[in-house]
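Everything on this sheet refers to the single structure shown next.
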């Protein structure tokens, strides 16, 4: 069953663009992790991925809103997602670096897809402003 996407064509395109950008950024970071040799560079990119993946998944659907609030929400989400995943893995005795990276990746992709659906459903604000007839539906 597909979701009912009532947004206009440009809104759906904009939301799909955000989803594709998020998944592409995830893929490039994972590719960089895999291609780097063992050592400090690989660990640094791994940490970058663990912070950037949830942040990008939240930030891209919030584009077009106040930029400072979008950055703060994305950074806070990254910290919370990493902390919750680490706590759950430690509490259940399943801690592993690979498991943590996979869990963060799965959560980030789920958040990106939910952001895509919610952005596609809501109408995009008019660049001209709410006083424009196209934005209000008036003559």
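The values are calculated or read from the model by the stated rules, or taken from the named source; none is laboratory data. Being a predicted model, the structure only gives us computed values, none of them experimental. Cβ: placed from backbone, ideal geometry, glycine included. Neighbour counts: every protein chain shown.
Results, tabulated for the structure shown:
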item	result
The stretch 73-102, residues that are modelled with pLDDT of 90 or more, assigned to a helix (DSSP H, G or I) and loosely packed, with under 12 Cβ neighbours inside 10 Å	80, 83, 87, 90, 91, 92
Residues (closer than 19 Å to residue 108 by Cα and touching a helix residue (DSSP H, G or I) at 6+ places or on another chain (Cβ under 7 Å)) located in the stretch 31-47	32, 33, 45, 46
Filter pass, residue 64 being under 17 Å from the mean Cα position of the chain (by Cα), assigned to a loop (DSSP other than H, G, I, E, B) and at pLDDT below 85	yes
One residue from 118, 69 being assigned to a helix (DSSP H, G or I), in contact with a helix residue (DSSP H, G or I) (Cβ under 9 Å, 6 or more places away or on another chain) and modelled with pLDDT under 80	118
